[in-house]
Amino acid sequence: MFAVIKTGGKQYKVASGDILRVEKLAADAGETVQFNDILMLGGDKTTVGAPLIEGAGVQAEVIEQIKGDKVINFVKRRRKHGSQRTRGHRQKLTLVKITEILASGADKSGIKAAIGASAAGTSATVSEKAPAKKAKPAAKAEGADDLTKLSGVGPALEKKLHGAGVTTFAQIAAWTDADVAAMDEQLSFKGRIEREGWIEQAKELSKG
């Protein structure tokens, strides 16, 4: 029996006993987690979700937290006052071993859900800032920057950034590689942050 799961924005075909690397999960080595986004189950009978299969799940044991191969990112802005930047990045990953595939009853298994580390951190941050978000108009009047001054940012993207608690150039200027990766995943920017050079622009704009 095999299953197709979705985690970290990617799809994996797995069977019991398989060992695979997935985007970092909020779990420690030795823990058992359960993937609940099941797109397909195969074997004697094939079941396809619409888009997910209700009640299905895949359980796995966390072996260890690891890092992927180093990726070099080179960005050059061909403008009058252009700049270039080279950065290395090693994606944080989790090595897991598939232990069981459940066609039903996964919602009652009591096993901890396999949640991405960045999603877990974002949920906690959003939860902590929830009261401030209710007072969004007041917060903007008290010092939120016009993020549409960043290259490629329009009202729609500015709204997304505000929804993630990002309201000033100073916040963007202080982003680390991990913050950029988390924002890319959370808001589906698909590399826009580095491609447009938001961090460099934010540093200049934050100077006033």
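Each reported figure results from applying straightforward, stated rules to the coordinates on display, with no laboratory input. Keep in mind the model is a prediction, meaning the values are calculated, not measured. Glycine gets a Cβ as well: all are built from the backbone with ideal geometry, and neighbour counts include every protein chain shown.
What nm distance separates the two modelled labels at residue 46 and residue 159, each placed 7 Å from Cα along Cα→Cβ? Calculated label separation equals 4.0 nm. Ordered by the count of other Cβ atoms within 10 Å of each Cβ, fewest first, 169, 74, 2 give 74, 2, 169. Per-residue 3J(HN,Hα) values for region 92-106, derived from phi via the Karplus relation 6.51 cos²θ - 1.76 cosθ + 1.60 with θ = phi - 60°, read 6, 10, 10, 8, 10, 10, 5, 10, 7, 10, 10, 7, 7, x, 5 Hz in sequence order (x marks Gly and Pro). Taking a Cβ cut-off of under 14 Å around residue 12, the surrounding Lys, Arg, Asp and Glu residues balance to a net charge of +2, with basic ones at +1 and acidic ones at -1. Charged neighbours of residue 22, selected by a Cβ distance under 12 Å, balance to +3 (K, R count +1; D, E count -1). Taking amide hydrogens as placed 1.01 Å from N in the peptide plane, the amide H of residue 165 sits under 5 Å from that of no residue at least 5 positions away in sequence or on another chain. Of the residues 167, 16, 91, the one whose Cα sits farthest towards the positive end of the charge dipole of the chain is 167 (charges of +1 on Lys and Arg Cβ, -1 on Asp and Glu Cβ, taken about the Cα centre). Entry note, the chain: relative contact order of 19 percent, from Cα contacts under 8 Å with a spacing of 6+ residues.
The ranking of 61, 204 from fewest to most other beta carbons within 10 Å of each one's beta carbon is 204, 61. Projecting the Cα atoms of 110, 27, 147 onto the dipole axis of the chain, where Lys and Arg carry +1 and Asp and Glu carry -1 at the beta carbon, places 147 farthest toward the positive end. In a reduced charge model with +1 at each Lys and Arg Cβ and -1 at each Asp and Glu Cβ, the chain shows a dipole moment near 1100 debye about its Cα centre.
Each other residue within a Cβ distance under 15 Å of residue 79 adds +1 if Lys or Arg and -1 if Asp or Glu, for a net charge of +3. Scaled to the globular estimate 2.2 N^0.38 Å, the Cα spread of the chain, given as radius of gyration, is 1.22. In deg cm²/dmol, rounded to 500, what helix-only [θ] at 222 nm does the chain give when every DSSP H run of at least 4 residues adds -39500 (n - 2.57) and the total is split over its residues? Taken over the chain, the calculation gives -8500 deg cm²/dmol. Distance from the Cα centroid of region 173-201 to that of region 44-110 is 18 Å (rounded to whole angstrom). The trypsin sites (Lys or Arg not before Pro) of region 43-73 that meet both conditions, a loop assignment by DSSP and at most 12 other Cβ atoms within 10 Å of the site Cβ, are 45.
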